[in-house]
Every structure is written in C-alpha cells, then in structure tokens.
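Scroll down for the structure; my scribbles are underneath it.
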Amino acid sequence: MKDTKRSVTLTLTADDYVAANKLFILKHATSRGTLIWWLLFVALLFLGSIFVPALSPRNAPFGVLFCVGGAIVIVLPFFQYFFGASIFARKAYAAQKTLQHPMTVEWSEEGLRSTAQQGDWNIPWDDYLKWAEDDKVLLLYQGPRVFNMIPRR
C-alpha cells in the first residue's frame, strides 16, 4: 500500500498572514451576495442623487455630505484590500503569538493535521466548507470567516 501522507514544517510570517487576509477580503468582496448588495447600494445612492432634490450635489449641506458618503462607500472596499489588510493583519500577527511558532502541517487522504508546541489538531476534508488559493497562500475554510492558511513558498 502506498503512503499518501505529505508534510511540511514552517513558521508563518507577517507577509503570509497579510496574503491570507487579502485573499479572504478579495474572495468575500467578490462573492455573489456581497457584490449584489454593494451594487444595489451604489445604485440606490445614484438614484437618490437624481430623484431626491435635497441630495443633489448643488444643495448644500446635504448634497455635499451625500456625495462624500457615497464616495467613501465606493472607495472603502479598495482601501480595505490595498491598505487595511496589510495594516490590520500585521498588527494581529504581532499580537497573536501562536502564529509565530514553527508548526508541521501534514495532509493525507483523510484530512489535514497541524502540530505545533501549543498542541495539534486533525480536520477531516469533509469538515472544510470551501477553499481559496492564489500564488501566495492556500486558505481552507472551516466556516465562512474561519480558515487555516498554508503559504505557498
């Protein structure tokens, strides 16, 4: 019988955690439900500026505040991806010491096993909800907002 277990020992870096959070944000922001709600909100902002005279850019102060608020809503996802992910992920990485210890990740036909000085856990493949990957990291989702990350370096 052929041994199908594979493993790697690694220590996650702040860059790994930033890459994982950026991929999470990208996948969440481009999911069907999020896109529908975001586009609906932008459409309502646009229609409100056309059909509600008090929200017209020419009518101060409501018009100006409405335009600034609309611009923030449109720009916020881009800011979150390009700047916020890096800032907040690096801060979280520095605070969470469990991310900074070496660990061994082992995968087989049964599932994923991770071992570190704090303990170990086994997760069968069927317990994962979904997965996402890019050229920097692989995310294995245990829930909609909980994932295991494996850097691709």
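Determine which member of the set Asp127, Asp134 is over 21 Å from Thr11 (Cβ atoms) and modelled with pLDDT of 95 or more.
None of the other options fit; the residue is Asp127.
Inspect segment 41-52 for any residue being within 17 Å of the chain's Cα centre (by Cα), in a helix (DSSP H, G or I) and modelled with pLDDT under 95 and give the result as yes or no. Lay out the reasoning, then the answer.
Filtering segment 41-52 down to residues within 17 Å of the chain's Cα centre (by Cα) leaves none.
Checked against the condition, which is being within 17 Å of the chain's Cα centre (by Cα), in a helix (DSSP H, G or I) and modelled with pLDDT under 95, segment 41-52 yields no hits at all.
Taking the options Gly70, Gly33, name whichever one is surrounded by 11 or more Cβ atoms within 10 Å (Cβ to Cβ) and modelled with pLDDT under 95.
Within the list Gly70, Gly33, the selection yields Gly70.
Scanning for something under 18 Å from Leu139 (Cβ atoms), out of contact with any strand residue (DSSP E or B) (no Cβ under 9 Å at 6 or more places or on another chain), of a type in the set (S, T, N, Q) and modelled with pLDDT of 75 or more, does segment 6-18 turn up at least one residue?
No, segment 6-18 has no match at all.
Pick from segment 86-111 the residues that are of a type in the set (A, V, I, L, M, F, W, C), part of a helix (DSSP H, G or I) and modelled with pLDDT of 95 or more: which of them is surrounded by the fewest Cβ atoms within 10 Å (Cβ to Cβ)?
Step one: filter segment 86-111 for residues of a type in the set (A, V, I, L, M, F, W, C), giving 87-89, 92, 94-95, 99, 103, 105, 107.
Subset that is part of a helix (DSSP H, G or I): 87-89, 92, 94-95, 99.
So of that shortlist, the ones also modelled with pLDDT of 95 or more come out as 87-89, 92, 94-95.
Working: Ile87: 10, Phe88: 14, Ala89: 21, Ala92: 14, Ala94: 12, Ala95: 8.
The qualifying residue surrounded by the fewest Cβ atoms within 10 Å (Cβ to Cβ) is Ala95.
Looking at the structure I just gave you, is Lys22 at pLDDT 95 or above and either farther than 17 Å from Ser114 by Cα or assigned to a strand (DSSP E or B) (or both)?
Numbers: at pLDDT 95 or above: yes; either farther than 17 Å from Ser114 by Cα or assigned to a strand (DSSP E or B) (or both): yes.
For Lys22, the condition - at pLDDT 95 or above and either farther than 17 Å from Ser114 by Cα or assigned to a strand (DSSP E or B) (or both) - is met.
Any chance you could count how many residues in segment 138-153 are more than 13 Å from the chain's Cα centre (by Cα) and part of a strand (DSSP E or B)? Show your work before the answer.
Going residue by residue through segment 138-153, those that are more than 13 Å from the chain's Cα centre (by Cα) are 142, 150-153.
Subset that is part of a strand (DSSP E or B): 150-151.
So the answer is 2.
Of the conditions (1) closer than 30 Å to Leu35 by Cβ; (2) β-branched (Val, Ile, Thr); (3) not in a helix (DSSP H, G or I), Val75 clears all except one; give me its number.
It fails just one condition, (3).
Quick one: which of Asp135, Asp126 is surrounded by fewer than 11 Cβ atoms within 10 Å (Cβ to Cβ), out of contact with any Cys (no Cβ under 9 Å at 6 or more places or on another chain) and either among the hydrophobic types (A, V, I, L, M, F, W, C) or part of a helix (DSSP H, G or I) (or both)?
Working: Asp135 fails: either among the hydrophobic types (A, V, I, L, M, F, W, C) or part of a helix (DSSP H, G or I) (or both).
None of the other options fit; the residue is Asp126.
The values are calculated or read from the model by the stated rules, or taken from the named source; none is laboratory data. Just so we're clear, the structure is a prediction, and the values are computed from it rather than from any experiment. Note that each Cβ is placed from the backbone with ideal geometry, even for glycine, and that neighbours are counted across all protein chains shown.
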